[in-house]
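Novice: Quick one: the structure is below, questions incoming.
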Amino acid sequence: WVLMKTAQTPTNIAVIKYWGKRDETLILPVNDSISVTLDPAHLCTTTTVAVSPAFQQDRMWLNGKEISLSGGRYQNCLREIRKRAREVEDKEKGIKIEKEDWEKLHLHIASYNNFPTAAGLASSAAGFACLVFALAKLMNVEEDESQLSAIARQGSGSACRSLFGGFVKWIMGKEEDGSDSLAVQLVDEKHWDDLFIIIAVVSSRQKETSSTSGMRESVETSLLLQHRAKEVVPKRTLQMEEAIKNRDFASFAKLTCADSNQFHAVCLDTSPPIFYMNDTSHRIISHVEKWNRSEGSPQVAYTFDAGPNAVLIARDRKAAAQLLKRLLFSFPPNSDADLDSYIIGDKTI
Ligand code: DP6
């Protein structure tokens, strides 16, 4: 027999960035972060997990290609979920798995991203969140989403924020064992559904410095990171929560852009410096800043992760349509500074 479960998890985009760990193994951050989870129809991972007495070892396939599960991050997630596994019974199929059987049974895992992995867009966030959620369903785990987020966190920090929709806060926590470093939902996806997200894919090449090693180097060498974590983010997080609660787009945009810019300033303050944005990214920032100023109030917020692609959050559908027109005009196809593609909702242009 084979027992299976499938789950789907969207990726999330941080508006207050996580950058820097205080514990590398448990993946504990140096500051709180806040993100918005994308619509499940867009940029998401679908994962099917299966268990059978016929399976000889744990195995995993990512986009159809087998990958190794030997890395610490996968092992940590599998171990933590197995610890919480409970009895499962499928009367129709005549299957009964006792709690202690889970230690001996092996898993097969197949995961797909509905967006090109090569596009340099965060896939680990959706990937680990989906893996943990699917396994929790298969093994009848009782823990709620926040508790599961603390397990997904051990796969990839940003993954803990993908267990919820809407706006989500990853509370850094104080405990050494990481038990209080978990995600909570600030507001659900219906709270602020005017927002419209467009991702301008500046380059679909894989990034040169991974987030994991980049943030390690920043923790070791950047003084600005220490100032950011201690002085800036605690206040900014409170202001961001307020802006989200009140659907105050002007404050939201100001805080989002400032936080992205400070994160990239920390990267420049790292030795040797890390350059995630390129000339086209900088031109997009100038363009949005100029447009927002000319309108008198912000229409669009920008934020960049560990790569050159711009995540643009428009205040509503009308602003998003105008933005797209402006981008197509300023970055015409086949010019020196053309963009590789746009991802709007589920459409790639
Ligand atoms: C810039 O979650 O990919 O996207 O915990 O080492 O797996 P690890 O790092 P990861 O870092 C994400 C960094 C970021 C900001 C963010 O998502 O908050």
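The values are calculated or read from the model by the stated rules, or taken from the named source; none is laboratory data. What you see is a predicted model, and the numbers here were worked out from it, not measured in a lab. Every residue, glycine as well, gets a Cβ built from its backbone with ideal geometry; the counts of neighbours run over all protein chains shown.
Novice: Select, from 36, 49, the only residue that is within 13 Å of the ligand (Cβ to nearest atom), buried (at least 18 other Cβ atoms within 10 Å of the Cβ) and not in a loop (DSSP other than H, G, I, E, B).
Specialist: Matching residue, one of 36, 49: 36.
Novice: Of the residues 69, 131, 107, only one is touching a Leu at 6+ places or on another chain (Cβ under 9 Å), assigned to a strand (DSSP E or B) and modelled with pLDDT of 95 or more; which?
Specialist: Testing whether each residue is touching a Leu at 6+ places or on another chain (Cβ under 9 Å), assigned to a strand (DSSP E or B) and modelled with pLDDT of 95 or more leaves just 107.
Novice: Going through 251, 281, 294 one at a time, which residue ends up being touching a residue at least 12 places away in the same chain (Cβ under 8 Å) and farther than 30 Å from residue 221 by Cα?
Specialist: 251
Novice: Another question, if that's okay. When region 132-152 is examined, which residues are found to be over 23 Å from residue 25 (Cβ atoms) and of a type outside the set (D, E, K, R)?
Specialist: 134, 138, 139, 140
Novice: Please enumerate the residues belonging to region 94-112 that are of a type in the set (A, V, I, L, M) and either loosely packed, with under 14 Cβ neighbours inside 10 Å or in contact with a Pro (Cβ under 9 Å, 6 or more places away or on another chain) (or both).
Specialist: The answer is 105, and nothing else.
Novice: Separate question: Quick one: count up the residues across region 291-305 that are in a helix (DSSP H, G or I) and in contact with a Lys or Arg (Cβ under 9 Å, 6 or more places away or on another chain).
Specialist: Residues that pass the stated criteria total 1.
Novice: Also, quick follow-up: Do we find that residue 241 is modelled with pLDDT of 95 or more, surrounded by 17 or more Cβ atoms within 10 Å (Cβ to Cβ), part of a helix (DSSP H, G or I) and away from the ligand (no atom under 14 Å from the Cβ) in this structure?
Specialist: In short, yes.
Novice: Which numbered condition trips up residue 25, out of (1) in contact with a helix residue (DSSP H, G or I) (Cβ under 6 Å, 6 or more places away or on another chain); (2) within 13 Å of the ligand (Cβ to nearest atom); (3) not in a strand (DSSP E or B)?
Specialist: Among (1) in contact with a helix residue (DSSP H, G or I) (Cβ under 6 Å, 6 or more places away or on another chain); (2) within 13 Å of the ligand (Cβ to nearest atom); (3) not in a strand (DSSP E or B), residue 25 violates only (1).
Novice: When you scan region 17-56, how many residues do you find that are more than 20 Å from residue 313 (Cβ to Cβ), among the small types (Gly, Ala, Ser) and touching a Ser or Thr at 6+ places or on another chain (Cβ under 8 Å)?
Specialist: 1
Novice: Let me ask another. Among the residues of region 282-294, is any surrounded by 14 or more Cβ atoms within 10 Å (Cβ to Cβ), β-branched (Val, Ile, Thr) and more than 21 Å from residue 34 (Cβ to Cβ)?
Specialist: Checking region 282-294: at least one residue is surrounded by 14 or more Cβ atoms within 10 Å (Cβ to Cβ), β-branched (Val, Ile, Thr) and more than 21 Å from residue 34 (Cβ to Cβ).
Novice: Taking region 316-334 as the search range and keeping residues that are in contact with a strand residue (DSSP E or B) (Cβ under 7 Å, 6 or more places away or on another chain) and not small (Gly, Ala, Ser), which one is farthest from residue 264 (Cα to Cα)?
Specialist: 317
Novice: Looking at region 295-338 only, could you name the residues that are aromatic (Phe, Trp, Tyr) and either surrounded by fewer than 14 Cβ atoms within 10 Å (Cβ to Cβ) or under 14 Å from residue 196 (Cα atoms) (or both)?
Specialist: Listed by number, the residues that qualify are 302, 329.
Novice: Find the residue count for region 4-22, including only residues that are within 11 Å of the ligand (Cβ to nearest atom) and under 13 Å from the mean Cα position of the chain (by Cα).
Specialist: Total meeting the criteria: 9.
Novice: When residues of region 153-207 are filtered for being in a loop (DSSP other than H, G, I, E, B), more than 16 Å from residue 27 (Cα to Cα) and away from the ligand (no atom under 14 Å from the Cβ), how many remain?
Specialist: Summing the residues that are in a loop (DSSP other than H, G, I, E, B), more than 16 Å from residue 27 (Cα to Cα) and away from the ligand (no atom under 14 Å from the Cβ) in region 153-207 gives 15.
Novice: Okay, moving on. Would a scan of region 306-318 turn up a residue that is assigned to a helix (DSSP H, G or I) and modelled with pLDDT of 85 or more?
Specialist: Within region 306-318, one or more residues are assigned to a helix (DSSP H, G or I) and modelled with pLDDT of 85 or more.
Novice: Name the single residue that is surrounded by the fewest Cβ atoms within 10 Å (Cβ to Cβ) among those in region 134-152 being more than 14 Å from the ligand (Cβ to nearest atom), assigned to a helix (DSSP H, G or I) and not acidic (Asp, Glu).
Specialist: 137
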